[in-house]
Structure formats: structure tokens, C-alpha cells
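Some notes on the structure that comes next.
The values are calculated or read from the model by the stated rules, or taken from the named source; none is laboratory data. Since the structure is predicted, the reported quantities are computational estimates derived from the model, not experimental observations. Neighbour counts run over all protein chains shown; Cβ positions are idealised from the backbone, glycine included. Keep in mind that these areas ignore ligands, DNA and RNA; they rest on the heavy atoms of the full protein, side chains included. Shrake-Rupley method; radii C 1.70, N 1.55, O 1.52, S 1.80 Å.
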Amino acid sequence: MSASFATWRIRFEQLRANKFFELTVITIIVLSALLIGARTYEEVSRFQQALLVMDVAVTVFFLVEILIRMAAEKRLRDFFRNGWNVFDFLIVTASLIPMDDSEMVLLARLLRIFRVMRLVSMIPELRMLMAALFKSIPRMGYVVLLMFIIFYIYGAIGSFLFHDVDERLWGNISLAMLTLFQVATFESWATAVLYPTMEHYPYAWIFFLTFIFLNAFIFLNMMIGIVLDVMQKESLAIELESGTGEAAELHGLRDDVRELRNQLSRMEAMLERREG
């Protein structure tokens, strides 16, 4: 029984590592996303039964696929040690909620939307991007805090100086900060904010240009630099784990140099003992 189970486990492991199998899973994930999008059109309401059958088929495929990946592990707990495996397991489990129950149909549809996120767990490059994003959040938090301080200062100044221009834009500090957010996103800021303000205060452009310079050019580039730095570190870590790329070669050379130094140290110690 144990030998038979080991044989099947090896087969499942080979199937899991098969590129065609991975491509098939990615294709089904994309098909699942298209099915979700199709349900938002009234024209496809006449194909409701066919869409339901296809949704059940996709759900069954995902269930079989996750079971194959679980069976390919030597120990079941090894499967749940990987965060992406846990994510896939939760998504597939949530997809098992039936859609024919009127009370659960909305929840079932909302949960099925997250099946598109499985593309992230299937594609290594997307996993690297997501890992870099999450690891960048703590460092970006300080930049966001600094941005909030600048927003608050400029919002207070704007509400004091320009409140008589338009109460809807500068009536208080909250409205002023919302207006500055519109300015920072460049959403019709010149015609809706800048020019009306300059009609009353010709030198108001200094206020807006300095604010844009700080947010659009400095803080935004700081965030981009943080993400790029983390992405570079993640890429080097992946190269080291896979044993490919320049990072792995440099790591191997460092190990060789370290080993040579250890051998030289041992030889020097032996020579000192003989001379002694």
C-alpha cells in the first residue's frame, strides 16, 4: 500500500511540474474570469444554464487540481507551509459555495471573482511582484506619512488663503485636502482649481507648483525607488534559490573564496604546529 501510494505521489508530482498542466490551469483561470465578466451582460441571460454548467466544470477542475497538488506532497502539512498554497486552497474552497441558493448567490459570485487572483500564485513573476509590493508597504508607510504631513500643511494654508474663492474647494481643511488630492492626480486641476484661484490671487501658482513638485516628483519617485529596490532584492533571492543567474554565480564564487580561505587557514595552522 505504501509503495503504491509513493508511486501515485511521484506521478502527481510529475503532473504538477508539467508545463502543459500549468498552462492548462492558467487557461482555465482566464476562462473563469471571462465567465464572471459575461454574467455582467444582460445579453447572455439566455445562456444562463450553459454558464452555470461551465462554472460547475471550472469549479470541479480547480478542486481536482488542488487535490493533485496536495497529493504530490510527501506530507500534507508541507502543502500548507506555502502561503500561496493556502491562498489557492481558500479560493477553491470558497468556490464550492453553490450558486443556486438565492441567499448565497451574491456571496458565491463575489468569492468567484477572487479566482482570478490565482494567476498570481501560478506565475512566478507575478508572485515576485506581489512579494515585492507587500515588502515595500512598511517602507512606503513612512513616505505616505510624510505626504500626509505635506497635504495637511498645504491644506491648512489653502483653507486660510483661498476659502473666499470657493467654499466647496477650500471651505475647511478636509475639503482643502480633497482638493489637493485632485491637484496631485492632475484631474482637471488647472481649469477647476488653478485658474479660478489665480483670478483672485495671481501668485497662487507658486502654491500649486511647489505642492505638485513635492508630491508628483519627489514622493512618487521615492515610492517607485522603494519598490524597485525591493524587486531587485526579490529577484536576487529567486536567482539564489534556483541556482541561476549572475547572483547565483557570485554567491558560488564567494563560497569558493571562503572555502579557499578556510583551507589556507588550516594549512597555516598545520605549518605552525610543525615548526613549533
**Request:** Would you mind computing, in nm to one decimal, how far apart the modelled labels at residue 205 and residue 166 are, each placed 7 Å from Cα along Cα→Cβ?
**Result:** 1.8
**Prompt:** Which helices pass in the chain if a helix is a full DSSP H run, must span at least 18 angstrom along its long axis by Cα, and must have mean Kyte-Doolittle hydropathy not below -0.5?
**Reply:** 2-17, 19-38, 48-71, 124-162, 220-242
**Message:** What is the sum of charges, Lys and Arg at +1 and Asp and Glu at -1, for the other residues whose Cβ falls under 15 Å from the Cβ of residue 73?
**Reply:** +4
**Message:** What is the percent carbon and sulfur in the accessible area of the chain, measuring with a 1.4 Å probe over the protein chains and ignoring ligands?
**Reply:** 67
**Asked** Which entry is the computed Rg/Rh (Cα atoms, Kirkwood Rh) for this structure: (i) 1.17; (ii) 0.95; (iii) 1.01?
**Response** (i)
**Fill in**
With every protein chain kept in place and a 1.4 Å probe, the chain has an accessible area per residue in Å² of 67
**Candidate residues 79, 148: accessible-area rank, largest first, probe 1.4 Å** = 148, 79
**Fill in**
Counting only backbone N atoms under 14 Å from a point 7 Å out along Cα-to-Cβ of residue 187, the residues of the range 154-180 in range are 177-180
**Message:** Taking the Cα of residue 14, stepping 7 Å toward and past its beta carbon, and measuring to each backbone N in the range 63-89: which are under 15 Å?
**Reply:** 72
**Item:** Sites residue 7 and residue 221 - FRET efficiency at Förster radius 51 Å, r taken between beta-carbons, to 0.05
**Value:** 0.35
**Euclidean distance of C-alpha centroids, the range 50-85 and the range 172-229, integer Å** = 48
**Asked** If you average 1/r over all unlike Cα pairs in the range 1-122 and invert the result, what Kirkwood radius do you get in angstrom?
**Response** 15.6
**Message:** Students sometimes get this wrong: rank 200, 163 by accessible area, probe 1.4 Å, all chains present, largest first.
**Reply:** 200, 163
**Asked** Any idea what the relative contact order of the chain is, in percent, if you count C-alpha pairs under 8 Å spaced at least 6 apart?
**Response** 13
**Prompt:** What spacing in nm lies between the two simple spin-label points modelled at residue 23 and residue 139, each 7 Å away from Cα in the Cβ direction?
**Reply:** 3.7
